[in-house]
Amino acid sequence: MKEQLAKIKSEALSAFEAVQSKADLDALRVKYLGKKGELTAVLKQMGKLTPAERPAMGQLANEVRAALEGALESAAGKLEATALEHRLKAEAVDVTVPGKPVTVGHRHPMYIALDEMKEIFIGMGFTVLDGPEVELAELNFDRLNAEEGHPSRDWSDTFYFDREERVMLRSQTSPMQVRAMDSMELPIRIIAPGRVYRKDEVDATHSPMFHQVEGMVIDKGVTMADLKGTLNTVVERMYGKGTKTRFRPHHFPFTEPSCEVDVQCYKCGGVGCPTCKGEGWIELLGAGMIHPRVLEMAGIDPEVWSGWAFGFGLERTAMRRFKIDDLRLIFENDVRFLEQF
Ligand code: PHE
C-alpha cells in the first residue's frame, strides 16, 4: 500500500507539472483526487490493514493528498498566468504604427463667401433670417405687387405644387421681406440667405436651384443714397478697396425705382472679355426702394416709413469673390475643385 501511495504521488506530481490546459488539469484532478479517483481507491483498502498499521498509513495518505492538492493549486496558478500573458500579447497595441490619415473637409467656397457677407451685414446691425423654400404664391407674388398675369408667375418659370398655383418653390428670397414686415417691429434691418428655384436649364450661368441673399431696411427717412452706400461698402469689403460698382435702372414689381447692380469684371477689369461676355461688368444683384403698395399691404404707412431692399445672387457673388468662371463648378462637388479654397 505504501508503494501504491508513492507511485500515485510521483505519477500525479509529474502529470500536474506537465499539464497544458485547464480541461486536462480538471481531468487529472478527477483521476487522482476525485471520489472514484486513485487515491480514494487506495484508501478504501485501509480496512484490510491491522489496527497497528492504520495510523502510520493514514498519516502517509494524508500527506500524499496534501501534496497532490498543493501541486494542483500551483498548476492552476501557472495556467492562469500563462493565459493572462497570452491575452496581453494578443491585445497589445503598437503605438508606433502610423495611423490612418483622417481627411478633414472645409466649408464650400459659396458658404465661405456667404459667411463673409453675413459678417459684414451683422457688423452694420442687420439680423440674419431663415425662411421656407416651400412658399405661398401669395407671399412670393401677390404681397410683392406681382399680380395675376405677371410673367414670372407662369407655369413655365415656376415650380408649383398645386393646380390652383397657391403653393410653390420660392422663385426668389423676396417673400422674406413680407415675412419680416409681418413679424418684426419697425425699424427693420434684415438679410435672409437661402435657396430659390426656377425652371432654367443648366448652363455656365444658370441652374434650376440657386441661392440669393435678400436684404431689407425700413426706417424713417431711408433713401436710395443709403442703399448705394451700403452696397458699395459691402462690395469693397468683399472684393477689395476701390472695386467699382455700376447701378443700372431696372424694373421689379416690388421696388420703385429699381436697379440692377454690377461689379467690375475680375478677369478683364472692365475692358470686356469672355467671362463678362464682353460687358466688362458682372451682374450681382437687383435692388430698389420698396414700393409704397408693398408697405401698405403690410400695414406700414409709406408716408412715415421708407425702405429699400436688395437680392444678391450668391453664386455670382462667390464666383466673383474666388474668380470662378463656371456656375456648374459650384454644384458639382468635385473635391479637386473644392480643395482649392
Ligand atoms: N427678387 C429679385 C430677383 O430675384 C431681386 C430683388 C430683391 C430686387 C429685392 C429688388 C429688391 O431678381
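The values are calculated or read from the model by the stated rules, or taken from the named source; none is laboratory data. Predicted model only: the values in this text are computed from it and were never measured. For neighbour counting, all protein chains shown are included, and Cβ atoms are generated from backbone atoms with ideal geometry for every residue, glycine included. Side chains are part of the model used for accessible areas, which takes the heavy atoms of the whole protein and leaves out ligands, DNA and RNA. Shrake-Rupley method; radii C 1.70, N 1.55, O 1.52, S 1.80 Å.
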Legend entry - Sole residue being within 18 Å of MET124 (Cα to Cα) and touching a strand residue (DSSP E or B) at 6+ places or on another chain (Cβ under 9 Å), chosen from ALA225, ALA192: ALA192
Legend entry - Single residue of GLY286, GLY280 found to be open to solvent by less than 20 Å² (accessible area, probe 1.4 Å), within 14 Å of the ligand (Cβ to nearest atom), without any contact (Cβ under 8 Å) to a residue 40 or more places away in the chain and not hydrophobic (A, V, I, L, M, F, W, C): GLY286
Legend entry - Output for region 124-159, where each listed residue is in contact with a helix residue (DSSP H, G or I) (Cβ under 8 Å, 6 or more places away or on another chain) and not in a helix (DSSP H, G or I): MET124, VAL128, LEU129, GLY131, GLU135, LEU136, PHE141, ASN145, ALA146, ASP157, THR158
Inset, instruction - Consider THR40 carefully, then state whether it is exposed (fewer than 11 other Cβ atoms within 10 Å of the Cβ) and more than 57 Å from the chain's Cα centre (by Cα). - result: no
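Residue by residue, here is whether (1) open to solvent by less than 40 Å² (accessible area, probe 1.4 Å); (2) assigned to a strand (DSSP E or B); (3) more than 15 Å from the ligand (Cβ to nearest atom) holds:
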| position | (1), (2), (3) |
| --- | --- |
| LEU295 | yes, no, no |
| GLY311 | yes, yes, no |
| ARG320 | yes, no, yes |
| PHE331 | no, no, yes |
Inset, instruction - Enumerate the pairs (first residue in region 326-341 and more than 11 Å from SER207 (Cα to Cα); second residue anywhere and at pLDDT 90 or above and among the aromatic types (Phe, Trp, Tyr)) with beta-carbon separation below 8 Å, excluding pairs fewer than 6 apart on the same chain, so at least 6 apart or on different chains. - result: LEU329/PHE337; PHE341/PHE322
Inset, instruction - Kindly indicate whether any position in region 230-247 is among the acidic types (Asp, Glu) and farther than 26 Å from LEU329 by Cβ. - result: no
Inset, instruction - Could you check GLU165 against (1) in a loop (DSSP other than H, G, I, E, B); (2) within 16 Å of the ligand (Cβ to nearest atom) and say which number it fails? - result: (2)
Inset, instruction - Can you confirm whether region 107-123 contains a residue that is in a loop (DSSP other than H, G, I, E, B), over 27 Å from TYR197 (Cβ atoms) and either open to solvent by 40 Å² or more (accessible area, probe 1.4 Å) or among the hydrophobic types (A, V, I, L, M, F, W, C) (or both)? - result: no
Legend entry - Conditions (1) part of a loop (DSSP other than H, G, I, E, B); (2) more than 22 Å from ASP142 (Cα to Cα); (3) away from the ligand (no atom under 16 Å from the Cβ); number of the one not met by GLY299: (2)
Inset, instruction - Residue by residue through region 220-271, note down the ones that are under 35 Å from the mean Cα position of the chain (by Cα), within 15 Å of the ligand (Cβ to nearest atom) and polar (S, T, N, Q). - result: THR230
